[in-house]
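Notes follow once the structure below has been shown.
We did not get these values from a lab; they are worked out from the coordinates using the rules stated. Just so we're clear, the structure is a prediction, and the values are computed from it rather than from any experiment. A quick note on method: Cβ atoms are made from the backbone with ideal geometry, for glycine too, and the neighbour counts reach across all protein chains shown.
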Amino acid sequence: MSPAPRWTPELPYTDLPRLPPAVDLETKAVLKQCVGARAALAALKQAAELIPNPSMLINTLPVLEARASSEIENIVTTSDRLFRHLNAEKAADPATKEALRYRQALLDGFNSLSQRPLSTRTAEVVCSQIKGVEMQVRRVPGTTLADQTSGRVIYTPPEGEGRLRDLLANWERFLHQDGDLDPVVRMAVAHYQFEAIHPFTDGNGRTGRILNSLFLVEQGLLSLPVLYLSRYLIARRQDYYRLLLAITRDGAWEPWLLFLLRGVEETATWTTEKIGAIRKLAAATAQLVQRQLPAIYSHELVDVLFEQPYCRIANLVDAGIVGRQAASRYLKALTAAGVLEEESLGREKLFLNSKLLELLARDGHEVPA
C-alpha cells in the first residue's frame, strides 16, 4: 500500500494521483481472479450472441441494471413499474422516471460507441440523460461526499474545471492506452478514478457504472451492455464505498480490484444463466402458441412477446407483424390462451407476459411453469 499524498476528507483532493497508479496492479491474486472474470465474460458474450433477436436482451436486462444502480443511490422503484412505464414515462412516479432515464442513458451510450470512443463527452451525455438536464464538468466549488447517517464529510473531490478536465483527459488516455494491463483490471482502476474525480454535481456513481458496461463493449469483451453488475454492488453497497475510500486513504488497490473482478465474474455467470432461462421460456411459449393458436403463430410474434414483459398493440404493428385491428385480435387471443394477461394503464391496454416478468424479477433462474 502507498498512502495517498496530502489527503484529508474535508479539503479538495487536489493531489489526486494520475493514472496509472504507481503500484503493481496485476498481483498474483488479481491475475488469478482476472482469469475467472474473463472466462465468465466470454460465456456471457456467447450467450447473448446466440439470441436471434437482440431486442429480447437489450430491452430487458438494462432495465434490471437501471433499477439496481438507481437503488444504490437510494432511488427506489420496482422492475414491474419500470417495464409497465417503458413507453409511458409521463405517468410514472419520479423514482421510476429517473431509473428509466438511466436505462436510456445506457442504451444511448451504447449506440454512441459506433460514432466515438469513450470520452469525457460520453460521460457528460450519459449524466445529462440520467439527470434529465444538461450536465457538464463542475465549474464551481462546494461538492462534498458525506456519511448519510452522521453527516460527516468523508471525501471532497478536486475542484476547478481546468483541473477536472485535465484529470479526465488522463483518465481517457488510460482507458485507451496500449499495454499489457488487462482490460477488466483497467476498467476497475478507471472506475475508481472517475468516482474520485467526481466530475459532476450529481449522478457520478450511475454515470460511472454505465461507463463500465460501455468500456467492456468497446473492448470487445461484450457485444451488448447486458452485464447486470449493479446486482452485485447493491448487495455489497457498504463494501463498494469502503473499498473505494480505502484507495484514497491508504492506496489499497488490490482489495478493490479483487472485489470488482469477483463481481464481474459472479454477475456475468448470473446473467448468462438468466439468458438461458429466457431462451427456455421463449421456446416453451412458442410451442404453446403454435399448438393452441396455429393461425396466428410466428417466430416473430413470440419474439415481440419477449422483447419486454408488457406488450402493446403498437409493438406488433411496429414489428410489421399485423395492422392495428389484427394486432388487437392477436393479443386478445393470446390472453384467452393464458399466454398474456390484459391490464390497463390509463386509457391504454397492456398485455403482460407475467411469466417473463416473474423470471426477470426473481433472483433465481427457475422457469415459471
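With respect to the cross-link table entries Lys97/Lys355; Lys131/Lys332; Lys97/Lys280; Lys90/Lys131; Lys90/Lys274, which display a Cα-Cα separation exceeding 27 Å?
In this structure, Lys131/Lys332; Lys97/Lys280; Lys90/Lys274 exceed 27 Å between Cα atoms.
Once the piece of chain linking Val133 and Lys28 is laid out straight, how much longer is it, given 0.36 nm per residue of separation minus the C-alpha distance between them?
Length difference between fully extended and current span is 33.4 nm.
Starting from 0.36 nm per residue, how many nanometres of slack lie between Glu273 and Ala336 once their C-alpha separation is accounted for?
19.6 nm
For the chain, with the dipole built from +1 on Lys and Arg beta-carbon atoms and -1 on Asp and Glu ones, taken about the Cα centre, which of Leu106, Leu175, Ala39 lies farthest toward the positive end?
Going by the Cα projections, it comes out as Leu106.
As a footprinting exposure proxy, order Glu218, Glu366 by other Cβ within 10 Å, with the fewest listed first.
Ranked by crowding around the Cβ, least crowded first: Glu366, Glu218.
How large is the charge dipole for the range 168-227, taken about the Cα centre, if only the Cβ atoms of Lys, Arg (+1) and Asp, Glu (-1) carry charge, to the nearest 20 debye?
With Lys and Arg at +1 and Asp and Glu at -1, about 160 debye.
Under 10 Å, Cα contacts only: if you run a Gaussian network model on the chain, which one of Leu345, Leu11, Leu106 comes out with the highest mean-square fluctuation?
Leu345
Mind giving me the FRET efficiency for Gln177 and His365? R0 is 51 Å, r the Cβ-Cβ distance, nearest 0.05 is fine.
According to the calculation, E is roughly 0.85.
Subtract the Cα-Cα distance of Ala42 and Ala88 from 0.36 nm times their separation in residues, and report this length gain in nm to one decimal.
13.0 nm
Size of the dipole of the range 28-273 about the Cα centre, Lys and Arg at +1 and Asp and Glu at -1 on the beta carbon, nothing else charged, in debye to 20?
Its charge dipole is roughly 200 debye.
Using a Förster distance of 25 Å, how high is the FRET efficiency between Arg236 and Ala146, based on the Cβ-Cβ distance and rounded to 0.05?
0.75
Between Ala246 and Val76, what FRET efficiency follows from the Cβ-Cβ distance if R0 is 41 Å, with the result rounded to 0.05?
Approximately 0.90, to the nearest 0.05.
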